[in-house]
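The values are calculated or read from the model by the stated rules, or taken from the named source; none is laboratory data. What you are looking at is a predicted structure, and each value in this text was computed from that prediction instead of being measured. FYI the Cβ positions are ideal-geometry reconstructions off the backbone, even for glycines, and counts take in every protein chain you see. Note: accessible area is taken over every heavy atom of the protein model, side chains too, but ligands, DNA and RNA are not part of it. Shrake-Rupley method; radii C 1.70, N 1.55, O 1.52, S 1.80 Å.
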Amino acid sequence: MTLEKTSPLILLAALVAALAMAPVAPEAGNILFLAAGGVALLLLRPAALDLIGRPAIWMPLAGLFLLAVAYSVAARGPGGLAGLLFVVPLVAMIPLIGAGAGHTAPSPAMIAVLALCGSAGAAAIAIVEFASTGSTRAGGTVANPIHFADLALAVGFLALLGTALGRGRGRWLFLLAPLLATVAVLLSGTRGAVVALVAMSGAAVLAGVVVRLISLRHLAIGALLLVVVLIGAWLAGAGQTSGVQRVMTDIGDVLRTGLPTDESTSERLQMYEGGLKAFLASPVVGHGPFEFVEAAASRATVRFEGAPHLHSDLADFAASGGVLGLIAYFLFLLAPLAEALRTPDPETRKGLVVVSAALVAGYFVMGLTNAMFGILNLTVFYAAATLTVFIVSNSGADHRTA
(Lines give C-alpha, C1' and ligand atoms only; values in the text may rest on other atoms or scores of the structure.)
Protein backbone atom coordinates (compact mmCIF):
# COMPACT_ATOMS: atom_id res chain seq x y z
CA MET A 1 0.00 0.00 0.00
CA THR A 2 1.40 3.41 -0.98
CA LEU A 3 1.94 6.36 1.33
CA GLU A 4 -0.86 8.24 -0.43
CA LYS A 5 -3.31 5.47 0.47
CA THR A 6 -2.00 4.80 3.99
CA SER A 7 -1.91 8.36 5.36
CA PRO A 8 -5.65 9.08 4.97
CA LEU A 9 -6.47 5.82 6.75
CA ILE A 10 -4.19 6.70 9.65
CA LEU A 11 -5.75 10.14 9.95
CA LEU A 12 -9.23 8.67 9.85
CA ALA A 13 -8.34 6.13 12.54
CA ALA A 14 -6.97 8.90 14.77
CA LEU A 15 -10.11 11.01 14.37
CA VAL A 16 -12.46 8.06 14.89
CA ALA A 17 -10.55 7.27 18.07
CA ALA A 18 -10.65 10.79 19.52
CA LEU A 19 -14.08 11.95 18.39
CA ALA A 20 -16.34 8.89 18.14
CA MET A 21 -14.70 6.37 20.48
CA ALA A 22 -13.20 8.41 23.31
CA PRO A 23 -16.49 9.87 24.62
CA VAL A 24 -17.85 6.34 25.20
CA ALA A 25 -14.70 4.17 25.44
CA PRO A 26 -11.85 6.51 26.42
CA GLU A 27 -9.18 3.87 27.04
CA ALA A 28 -9.61 2.30 23.60
CA GLY A 29 -9.87 5.70 21.92
CA ASN A 30 -6.77 7.05 23.62
CA ILE A 31 -4.68 4.02 22.75
CA LEU A 32 -5.78 4.06 19.12
CA PHE A 33 -5.02 7.78 18.75
CA LEU A 34 -1.53 7.40 20.22
CA ALA A 35 -0.89 4.32 18.09
CA ALA A 36 -1.95 6.23 14.97
CA GLY A 37 0.49 8.97 15.93
CA GLY A 38 3.27 6.41 16.27
CA VAL A 39 2.56 4.92 12.86
CA ALA A 40 2.38 8.40 11.33
CA LEU A 41 5.83 9.12 12.75
CA LEU A 42 7.22 6.20 10.75
CA LEU A 43 5.66 7.60 7.58
CA LEU A 44 7.04 11.11 7.90
CA ARG A 45 9.05 12.45 5.01
CA PRO A 46 11.60 15.32 4.97
CA ALA A 47 9.06 17.53 3.19
CA ALA A 48 7.05 17.61 6.41
CA LEU A 49 9.68 19.97 7.86
CA ASP A 50 8.19 22.70 5.66
CA LEU A 51 5.18 22.71 7.99
CA ILE A 52 7.18 23.80 11.04
CA GLY A 53 5.93 27.37 10.66
CA ARG A 54 2.28 26.40 11.02
CA PRO A 55 0.80 27.39 14.42
CA ALA A 56 -0.59 23.88 14.90
CA ILE A 57 3.01 22.64 15.01
CA TRP A 58 5.29 25.40 16.26
CA MET A 59 3.08 26.45 19.16
CA PRO A 60 2.84 22.99 20.78
CA LEU A 61 6.55 22.43 20.09
CA ALA A 62 7.45 25.76 21.69
CA GLY A 63 5.27 24.90 24.68
CA LEU A 64 6.96 21.53 25.04
CA PHE A 65 10.38 23.18 24.89
CA LEU A 66 9.48 25.70 27.60
CA LEU A 67 8.13 22.95 29.84
CA ALA A 68 11.27 20.89 29.22
CA VAL A 69 13.43 23.81 30.35
CA ALA A 70 11.28 24.56 33.40
CA TYR A 71 10.99 20.95 34.52
CA SER A 72 14.68 20.21 34.03
CA VAL A 73 15.74 23.25 36.04
CA ALA A 74 13.15 22.68 38.78
CA ALA A 75 14.04 18.99 39.08
CA ARG A 76 17.77 19.81 38.90
CA GLY A 77 18.36 17.32 36.14
CA PRO A 78 16.98 15.56 33.07
CA GLY A 79 14.68 13.46 35.28
CA GLY A 80 12.20 16.30 35.12
CA LEU A 81 11.68 15.61 31.43
CA ALA A 82 9.58 12.59 32.41
CA GLY A 83 6.91 15.12 33.37
CA LEU A 84 6.36 15.82 29.68
CA LEU A 85 4.55 12.48 29.39
CA PHE A 86 1.34 14.20 30.50
CA VAL A 87 1.19 16.05 27.17
CA VAL A 88 2.31 13.16 24.98
CA PRO A 89 -0.89 13.34 22.85
CA LEU A 90 0.31 16.73 21.59
CA VAL A 91 3.51 15.04 20.48
CA ALA A 92 1.50 12.32 18.70
CA MET A 93 -0.50 15.00 16.91
CA ILE A 94 2.55 16.47 15.15
CA PRO A 95 3.37 13.47 12.91
CA LEU A 96 -0.34 13.11 12.18
CA ILE A 97 -0.30 16.68 10.87
CA GLY A 98 2.69 15.79 8.75
CA ALA A 99 0.93 12.70 7.43
CA GLY A 100 -2.11 14.79 6.51
CA ALA A 101 -0.23 17.34 4.45
CA GLY A 102 -0.33 16.77 0.73
CA HIS A 103 -2.65 13.76 0.94
CA THR A 104 -6.40 13.24 0.76
CA ALA A 105 -7.69 13.91 4.28
CA PRO A 106 -11.09 13.33 5.90
CA SER A 107 -13.57 16.02 4.87
CA PRO A 108 -15.11 18.49 7.36
CA ALA A 109 -18.44 16.69 6.88
CA MET A 110 -16.92 13.36 7.86
CA ILE A 111 -15.21 14.89 10.88
CA ALA A 112 -18.47 16.54 11.94
CA VAL A 113 -20.31 13.23 11.63
CA LEU A 114 -17.73 11.54 13.85
CA ALA A 115 -18.11 14.26 16.46
CA LEU A 116 -21.91 14.02 16.25
CA CYS A 117 -21.66 10.27 16.86
CA GLY A 118 -19.42 10.88 19.87
CA SER A 119 -21.80 13.39 21.44
CA ALA A 120 -24.79 11.12 20.74
CA GLY A 121 -22.99 8.22 22.39
CA ALA A 122 -22.22 10.32 25.47
CA ALA A 123 -25.85 11.42 25.75
CA ALA A 124 -27.03 7.81 25.41
CA ILE A 125 -24.72 6.64 28.18
CA ALA A 126 -25.83 9.46 30.48
CA ILE A 127 -29.51 8.73 29.88
CA VAL A 128 -29.10 4.98 30.40
CA GLU A 129 -27.15 5.49 33.63
CA PHE A 130 -29.68 7.97 34.95
CA ALA A 131 -32.67 5.78 34.01
CA SER A 132 -31.20 2.55 35.33
CA THR A 133 -29.49 3.74 38.52
CA GLY A 134 -30.91 7.18 39.27
CA SER A 135 -27.36 8.47 39.51
CA THR A 136 -26.93 12.24 39.89
CA ARG A 137 -23.41 11.97 38.43
CA ALA A 138 -23.91 10.14 35.15
CA GLY A 139 -20.84 9.10 33.18
CA GLY A 140 -19.16 7.18 35.96
CA THR A 141 -19.27 3.91 34.01
CA VAL A 142 -17.13 5.54 31.32
CA ALA A 143 -14.82 7.90 33.19
CA ASN A 144 -14.75 10.44 35.96
CA PRO A 145 -18.13 12.25 35.51
CA ILE A 146 -16.30 15.58 35.23
CA HIS A 147 -14.03 14.37 32.45
CA PHE A 148 -16.98 12.62 30.79
CA ALA A 149 -18.97 15.85 30.68
CA ASP A 150 -16.03 18.01 29.60
CA LEU A 151 -15.22 15.72 26.68
CA ALA A 152 -18.85 15.36 25.60
CA LEU A 153 -19.22 19.13 25.51
CA ALA A 154 -16.01 19.70 23.55
CA VAL A 155 -16.86 17.00 20.99
CA GLY A 156 -20.36 18.43 20.61
CA PHE A 157 -19.06 21.86 19.72
CA LEU A 158 -16.46 20.48 17.30
CA ALA A 159 -19.35 18.94 15.36
CA LEU A 160 -20.48 22.48 14.54
CA LEU A 161 -17.91 22.34 11.75
CA GLY A 162 -20.70 20.70 9.77
CA THR A 163 -22.94 23.73 10.28
CA ALA A 164 -20.28 26.43 10.00
CA LEU A 165 -18.83 25.04 6.77
CA GLY A 166 -21.98 23.50 5.32
CA ARG A 167 -23.99 24.74 2.37
CA GLY A 168 -27.08 22.52 2.22
CA ARG A 169 -29.99 22.14 4.57
CA GLY A 170 -28.32 19.11 6.11
CA ARG A 171 -25.84 21.39 7.84
CA TRP A 172 -28.44 22.23 10.50
CA LEU A 173 -28.41 18.60 11.64
CA PHE A 174 -25.10 19.20 13.39
CA LEU A 175 -26.74 21.66 15.78
CA LEU A 176 -28.00 18.52 17.51
CA ALA A 177 -24.48 17.75 18.71
CA PRO A 178 -24.22 20.55 21.33
CA LEU A 179 -27.78 19.72 22.45
CA LEU A 180 -26.89 16.06 22.91
CA ALA A 181 -23.73 17.08 24.74
CA THR A 182 -25.84 19.29 26.99
CA VAL A 183 -27.89 16.25 28.02
CA ALA A 184 -24.69 14.48 29.08
CA VAL A 185 -23.47 17.58 30.93
CA LEU A 186 -26.68 18.17 32.86
CA LEU A 187 -27.04 14.53 33.90
CA SER A 188 -23.36 14.37 34.94
CA GLY A 189 -23.86 17.14 37.51
CA THR A 190 -20.64 18.85 36.39
CA ARG A 191 -20.84 22.52 37.31
CA GLY A 192 -17.76 23.60 35.39
CA ALA A 193 -19.14 22.10 32.18
CA VAL A 194 -22.48 23.88 32.70
CA VAL A 195 -20.67 27.21 32.98
CA ALA A 196 -18.46 26.28 30.00
CA LEU A 197 -21.58 25.52 27.95
CA VAL A 198 -22.65 29.14 28.34
CA ALA A 199 -19.12 30.42 27.66
CA MET A 200 -18.67 28.28 24.54
CA SER A 201 -22.05 29.28 23.15
CA GLY A 202 -21.27 32.94 23.75
CA ALA A 203 -17.80 32.64 22.22
CA ALA A 204 -19.18 30.89 19.12
CA VAL A 205 -21.86 33.54 18.60
CA LEU A 206 -19.49 36.44 19.24
CA ALA A 207 -16.85 35.04 16.89
CA GLY A 208 -19.54 34.39 14.27
CA VAL A 209 -20.67 38.00 14.42
CA VAL A 210 -17.10 39.34 14.32
CA VAL A 211 -16.14 37.33 11.23
CA ARG A 212 -19.55 38.04 9.68
CA LEU A 213 -20.56 34.42 9.48
CA ILE A 214 -23.65 35.16 11.59
CA SER A 215 -25.88 37.99 10.39
CA LEU A 216 -28.19 40.04 12.59
CA ARG A 217 -31.10 38.12 11.05
CA HIS A 218 -29.51 34.79 11.97
CA LEU A 219 -28.75 36.15 15.43
CA ALA A 220 -32.37 37.16 15.99
CA ILE A 221 -33.70 33.82 14.75
CA GLY A 222 -31.16 31.97 16.87
CA ALA A 223 -32.07 33.95 19.97
CA LEU A 224 -35.75 33.16 19.45
CA LEU A 225 -35.04 29.46 18.95
CA LEU A 226 -32.85 29.46 22.05
CA VAL A 227 -35.68 30.87 24.15
CA VAL A 228 -38.03 28.21 22.80
CA VAL A 229 -35.50 25.44 23.47
CA LEU A 230 -34.81 26.68 27.00
CA ILE A 231 -38.52 26.87 27.81
CA GLY A 232 -39.07 23.42 26.38
CA ALA A 233 -36.09 21.99 28.25
CA TRP A 234 -37.26 23.53 31.52
CA LEU A 235 -40.77 22.13 31.08
CA ALA A 236 -39.22 18.74 30.28
CA GLY A 237 -37.41 18.76 33.63
CA ALA A 238 -33.97 20.15 32.82
CA GLY A 239 -34.22 22.35 35.91
CA GLN A 240 -34.33 19.21 38.06
CA THR A 241 -31.10 17.74 36.71
CA SER A 242 -28.11 17.61 39.03
CA GLY A 243 -26.10 19.95 36.79
CA VAL A 244 -28.63 22.77 36.99
CA GLN A 245 -29.40 22.14 40.67
CA ARG A 246 -25.75 22.30 41.69
CA VAL A 247 -25.18 25.52 39.75
CA MET A 248 -28.30 27.11 41.25
CA THR A 249 -27.11 26.13 44.72
CA ASP A 250 -23.75 27.77 44.05
CA ILE A 251 -25.44 30.94 42.81
CA GLY A 252 -27.51 31.06 46.00
CA ASP A 253 -24.40 30.59 48.14
CA VAL A 254 -22.59 33.37 46.27
CA LEU A 255 -25.49 35.76 46.77
CA ARG A 256 -25.60 34.97 50.50
CA THR A 257 -21.95 34.57 51.46
CA GLY A 258 -19.86 35.56 48.44
CA LEU A 259 -18.55 32.03 47.79
CA PRO A 260 -19.98 28.52 47.29
CA THR A 261 -19.90 26.68 50.62
CA ASP A 262 -19.76 23.01 49.59
CA GLU A 263 -16.81 20.81 50.58
CA SER A 264 -15.60 20.34 46.98
CA THR A 265 -15.31 24.09 46.44
CA SER A 266 -13.58 24.56 49.79
CA GLU A 267 -10.94 21.99 48.86
CA ARG A 268 -10.39 23.62 45.49
CA LEU A 269 -9.94 27.04 47.10
CA GLN A 270 -7.28 25.55 49.36
CA MET A 271 -5.52 24.15 46.31
CA TYR A 272 -5.69 27.45 44.44
CA GLU A 273 -4.31 29.35 47.43
CA GLY A 274 -1.49 26.85 47.78
CA GLY A 275 -0.83 26.91 44.04
CA LEU A 276 -0.55 30.70 44.04
CA LYS A 277 1.85 30.66 46.97
CA ALA A 278 3.91 27.90 45.32
CA PHE A 279 4.09 29.98 42.14
CA LEU A 280 5.22 33.06 44.04
CA ALA A 281 7.90 30.98 45.79
CA SER A 282 9.37 29.91 42.42
CA PRO A 283 7.86 32.17 39.74
CA VAL A 284 10.17 31.42 36.81
CA VAL A 285 10.40 27.60 36.61
CA GLY A 286 8.02 26.40 39.31
CA HIS A 287 8.59 23.28 41.39
CA GLY A 288 8.66 20.65 38.68
CA PRO A 289 6.11 18.05 37.54
CA PHE A 290 6.44 15.79 40.57
CA GLU A 291 6.76 18.20 43.49
CA PHE A 292 4.33 21.00 42.69
CA VAL A 293 1.33 19.47 44.47
CA GLU A 294 3.29 19.05 47.69
CA ALA A 295 4.72 22.55 47.25
CA ALA A 296 1.17 23.88 47.09
CA ALA A 297 -0.19 21.70 49.90
CA SER A 298 2.60 22.72 52.27
CA ARG A 299 1.90 26.41 51.66
CA ALA A 300 -1.90 26.33 51.85
CA THR A 301 -3.48 27.77 55.01
CA VAL A 302 -5.34 24.48 55.42
CA ARG A 303 -3.24 21.62 54.10
CA PHE A 304 -4.92 19.25 51.62
CA GLU A 305 -3.96 15.62 51.07
CA GLY A 306 -4.07 13.05 48.29
CA ALA A 307 -4.60 15.38 45.34
CA PRO A 308 -3.00 14.27 42.03
CA HIS A 309 -3.21 17.86 40.73
CA LEU A 310 -4.57 21.26 41.77
CA HIS A 311 -7.88 21.05 39.89
CA SER A 312 -6.98 23.99 37.68
CA ASP A 313 -4.84 24.21 34.56
CA LEU A 314 -3.64 27.67 35.55
CA ALA A 315 -2.64 26.49 39.04
CA ASP A 316 -1.03 23.30 37.71
CA PHE A 317 1.08 25.00 35.04
CA ALA A 318 1.99 27.94 37.31
CA ALA A 319 3.05 25.80 40.27
CA SER A 320 4.83 23.16 38.20
CA GLY A 321 6.46 25.35 35.55
CA GLY A 322 6.25 28.96 36.73
CA VAL A 323 6.03 31.67 34.09
CA LEU A 324 7.48 29.28 31.51
CA GLY A 325 4.71 26.82 32.33
CA LEU A 326 2.01 29.45 31.95
CA ILE A 327 3.38 30.51 28.56
CA ALA A 328 3.40 26.83 27.52
CA TYR A 329 -0.21 26.48 28.65
CA PHE A 330 -1.41 29.37 26.51
CA LEU A 331 0.62 28.12 23.53
CA PHE A 332 -1.17 24.76 23.79
CA LEU A 333 -4.54 26.40 24.37
CA LEU A 334 -4.42 28.94 21.53
CA ALA A 335 -2.84 26.72 18.86
CA PRO A 336 -6.11 25.74 17.10
CA LEU A 337 -7.39 29.33 17.02
CA ALA A 338 -4.06 30.61 15.68
CA GLU A 339 -4.12 27.90 13.01
CA ALA A 340 -7.69 28.82 12.09
CA LEU A 341 -6.77 32.48 11.67
CA ARG A 342 -4.11 31.48 9.15
CA THR A 343 -6.54 29.60 6.87
CA PRO A 344 -6.13 30.85 3.27
CA ASP A 345 -9.73 30.41 2.11
CA PRO A 346 -11.80 33.23 3.69
CA GLU A 347 -15.06 31.29 4.02
CA THR A 348 -13.35 28.26 5.53
CA ARG A 349 -11.47 30.60 7.88
CA LYS A 350 -14.72 32.03 9.22
CA GLY A 351 -16.10 28.61 10.15
CA LEU A 352 -12.85 27.45 11.71
CA VAL A 353 -12.51 30.63 13.78
CA VAL A 354 -16.02 30.17 15.20
CA VAL A 355 -15.46 26.55 16.21
CA SER A 356 -11.91 27.16 17.47
CA ALA A 357 -12.98 30.16 19.54
CA ALA A 358 -15.66 28.03 21.22
CA LEU A 359 -13.18 25.25 21.99
CA VAL A 360 -10.56 27.64 23.36
CA ALA A 361 -13.15 29.35 25.57
CA GLY A 362 -14.48 26.00 26.76
CA TYR A 363 -11.10 24.53 27.64
CA PHE A 364 -10.10 27.71 29.44
CA VAL A 365 -13.30 27.89 31.49
CA MET A 366 -13.38 24.18 32.28
CA GLY A 367 -9.69 24.37 33.10
CA LEU A 368 -10.32 26.99 35.77
CA THR A 369 -11.85 24.41 38.12
CA ASN A 370 -10.44 21.12 36.81
CA ALA A 371 -7.34 19.89 35.03
CA MET A 372 -7.80 19.56 31.26
CA PHE A 373 -4.26 19.27 29.88
CA GLY A 374 -2.74 16.25 31.56
CA ILE A 375 -5.99 14.26 31.68
CA LEU A 376 -5.34 11.77 28.90
CA ASN A 377 -8.70 11.71 27.10
CA LEU A 378 -9.08 15.50 27.31
CA THR A 379 -5.55 16.08 26.04
CA VAL A 380 -6.11 13.56 23.24
CA PHE A 381 -9.23 15.45 22.18
CA TYR A 382 -7.47 18.81 22.10
CA ALA A 383 -4.70 17.30 20.01
CA ALA A 384 -7.36 15.91 17.66
CA ALA A 385 -9.13 19.28 17.54
CA THR A 386 -5.90 21.05 16.60
CA LEU A 387 -5.26 18.35 14.01
CA THR A 388 -8.78 18.86 12.65
CA VAL A 389 -8.29 22.61 12.27
CA PHE A 390 -5.06 21.98 10.35
CA ILE A 391 -6.71 19.40 8.07
CA VAL A 392 -9.66 21.64 7.22
CA SER A 393 -7.48 24.74 6.89
CA ASN A 394 -5.13 22.87 4.57
CA SER A 395 -7.94 21.45 2.42
CA GLY A 396 -9.53 24.85 1.76
CA ALA A 397 -12.69 25.55 -0.18
CA ASP A 398 -12.65 22.22 -2.05
CA HIS A 399 -13.63 20.33 1.09
CA ARG A 400 -16.38 22.58 2.32
CA THR A 401 -19.35 20.39 3.17
CA ALA A 402 -22.21 20.06 0.74
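The table for this structure:
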item	result
Sum of side-chain charges, Val211 neighbourhood, beta-carbon under 11 Å (Lys, Arg +1; Asp, Glu -1)	+2
Positive-end residue, the chain charge dipole about Cα centroid, Cβ charges, pick of Gly274, Leu378, Gly286	Leu378
As computed over the range 72-227, the Cα convex hull volume per residue (Å³)	183
If the convex hull is drawn through the Cα atoms of the range 1-138, its volume per residue in Å³	148
Mean Cβ count within 10 Å, highest first, over the residues of peptides 155-162, 202-209	155-162, 202-209
The chain: most fluctuating residue of Leu19, Leu368, Leu153 per GNM, C-alpha cutoff 10 Å	Leu368
Heavy-atom accessible area per residue - the chain, 1.4 Å, Å²	43
Rough spin-label spacing in nm, given labels placed 7 Å along Cα→Cβ, for Leu44 and Ser266	5.0
Under the Karplus curve 6.51 cos²θ - 1.76 cosθ + 1.60, θ = phi - 60°, whole-Hz ³J(HN,Hα) for the range 308-324, x wherever Gly or Pro sits	x, 7, 9, 6, 6, 4, 4, 5, 4, 5, 5, 6, 8, x, x, 4, 4
Residue among Ala238, Ala105, Ala220 with the largest mean-square fluctuation in a Gaussian network model of the chain, springs linking Cα atoms under 10 Å	Ala220
Geometric extent, Cα atoms of the range 247-338 - Rg, Dmax (angstrom)	14.7, 41
Nearest-0.05 FRET efficiency for Leu206 and Gln240, computed from C-beta distance (R0 25 Å)	0.25
Solvent-accessible area, 1.4 Å probe, carbon plus sulfur percent, for the chain	71
For the chain, size of Cβ-based charge dipole, Lys and Arg +1, Asp and Glu -1, in debye	900
Tail fraction, Cα-Cα pairs, the chain, threshold 27 Å, whole percent	50
Estimated inter-spin distance, Glu347 and Leu173, nm [label 7 Å along Cα→Cβ]	2.0
Table column - 3J(HN,Hα) (Hz), the range 118-124, Karplus curve with 6.51, -1.76, 1.60, x for Gly and Pro	x, 5, 5, x, 5, 5, 4
222 nm mean residue ellipticity, helices alone, for the chain (DSSP H n ≥ 4; -39,500 (n - 2.57); rounded to 500)	-23000 deg cm²/dmol
GNM flexibility winner over the chain from Thr265, Thr133, Thr386 (Cα, springs under 10 Å)	Thr133
Prolate/oblate/rounded label for the range 282-402 (Cα gyration tensor, a/c 1.5)	prolate
Phi-based couplings in Hz for the range 93-99 (Karplus 6.51, -1.76, 1.60; Gly and Pro marked x)	5, 5, x, 5, 4, x, 5
